Structure formats: C-alpha cells, structure tokens
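Everything on this sheet refers to the single structure shown next.
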Amino acid sequence: MARPLLFCNIGWMRAYQGQTATDKIIGGGRYVQVEKRGHEVCNFVDARGTMFGYVQPVGTHLKLEKLGASKDDDRLTGVDVVITAHRPHGDTVIIGWYRNATVYREPQPLNKPTALHRKNGVDGFRFTAQAQDAKLLHPDDRTEVVPRGKGGMGQSNVW
C-alpha cells in the first residue's frame with residue numbers, strides 16, 4: 001500500500017539552514033512579510049539526527065483525515081512530505097522531501113531546539129523525519145514544476 005503523500009508549500013531559500021546575510025527567506029506569506037522571518041527557515045537543519053519541518057496551513061490545524069487518519073488522531077506516521085516553494089520570479093517547484101514522516105494535526109513545541117533554531121526563533125514544527133530520510137535539492141536541481149490552480153496545488157500551502 002502506498003504511503004500518504006502531503007505537499008507543503010513554503011518560502012524560498014537556498015539552504016534552509018537559518019537566515020543569513022546571503023540566504024534570506026523570499027515569499028512565504030504575510031507572516032514572513034511582517035516578521036521578516038518564517039518558521040520554515042530551519043526545515044533542513046539536522047538536529048541530532050532528526051529534521052523538524054514547518055508549514056502554515058489555512059487555519060490552525062492540518063486535516064489529517066484527508067491523509068487517512070481519523071478525526072481523533074493527533075498525528076499520522078508513514079507520510080511522504082513533498083516540500084515546494086515558489087522560485088523567485090518563477091514557478092512553484094519541488095525543493096525537497098521528508099520520507100516516512102510523522103505529521104501532526106497541531107503545531108508541536110520544539111523541546112530541544114538547536115542553537116540555530118533558537119537564533120532564528122523557530123520553536124515549533126508540523127512534521128518530522130529522520131535526517132537520513134530528508135533531502136533538500138540544490139537550487140540548480142529544483143526543476144520539477146508543481147502546477148498551481150485548477151487540477152494543481154491551489155492557493156493553500158498544504159495539498
């Protein structure tokens with residue numbers, strides 16, 4: 001049986017290793033515009049063998065029942081999360097993924113943040129996977145376009 005598949009659209013960065021002078025988040029919605037930061041800026045930081053990913057859904061929670069969970073489940077394991085971002089002045093493309101992830105209905109607190117997470121104000125996550133199961137594509141390799149609109153991802157950050 002195939003694993004559930006979740007597409008998450010986030011702001012664009014080169015490395016997702018926290019914001020730096022040469023790698024600031026671009027796009028990512030109103031929160032990023034106002035705060036000049038986003039919780040996804042550390043989505044590919046290896047935190048002692050684990051990756052902690054963030055996406056902001058419409059509303060406060062992810063609808064896990066659309067992935068096969070019951071309405072009472074607070075998490076779903078065994079999900080493949082495909083992460084997309086809108087390339088500056090271009091299309092939405094796949095930038096990486098977490099295989100065999102655990103996805104949470106509500107945001108989870110990051111109880112033992114790394115120094116990089118703390119420096120960037122990242123204190124929570126929505127999905128997690130073992131670092132060996134996560135892959136960030138080099139910006140030059142981010143060529144797989146994800147259609148938006150009817151028949152595609154739509155305006156929501158979660159699909």
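The values are calculated or read from the model by the stated rules, or taken from the named source; none is laboratory data. Bear in mind that the values here come from a model prediction, so they are computed numbers and not experimental data. Methodologically, a virtual Cβ is constructed for each residue, glycine included, from the backbone with ideal geometry; neighbour enumeration extends over all protein chains shown. To get the accessible areas, we keep the full protein, side chains included, count just its heavy atoms, and leave off ligands, DNA and RNA. Shrake-Rupley method; radii C 1.70, N 1.55, O 1.52, S 1.80 Å.
Only helical runs count toward this figure. For the chain, summing -39,500 (n - 2.57) over DSSP H runs of n ≥ 4 and dividing by all residues gives -1500 deg cm²/dmol at 222 nm. Each peptide in 82-88, 23-29, 108-114 receives the mean, over its residues, of other Cβ atoms within 10 Å, and ordering these scores from highest gives 82-88, 23-29, 108-114.
Under the simplified labelling scheme, the Ser156-Leu5 pair shows an inter-label distance of 1.7 nm, with each label point 7 Å from Cα along Cα→Cβ. Taking only alpha carbon atoms, segment 70-120 gives an Rg to Rh ratio of 1.08, where Rh is the Kirkwood radius. With a simple spin-label model that places each label point 7 Å from the Cα along the Cα-to-Cβ direction, the separation between Asp133 and Arg30 comes to 3.4 nm. Checking (i) 15.7; (ii) 16.9; (iii) 17.8 against Kirkwood radius over Cα pairs in Å calculated from these atoms, the matching label is (i).
Amide H contacts of Ile10 (H built 1.01 Å from N, in plane; Pro and chain starts excluded): Thr84, Ala85, His86 sit under 5 Å, all sequence-distant by 5 or more or on other chains. Taking the 1.4 Å solvent-accessible surface of the chain as the whole, the part contributed by carbon and sulfur is 51%.
For the residue pairs Lys112/Lys150; Lys66/Lys135; Lys24/Lys135; Lys112/Lys135; Lys66/Lys119, alpha carbon separations beyond 30 Å are given by Lys112/Lys150; Lys66/Lys119. With the cut-off at 1.5 for a/c, could you classify segment 69-159 from its C-alpha gyration tensor as rounded, prolate or oblate? Oblate. Summarising the strand pairing of the chain, around 80 percent of its internal DSSP beta bridges are antiparallel.
For segment 4-78, the Cα-based Rg and Dmax, in that order, read 14.2, 44 Å.
Of all lysines in the structure, the ones whose alpha carbon falls short of 23 Å from that of Lys71, not counting any fewer than 8 places away in one chain, are Lys63.
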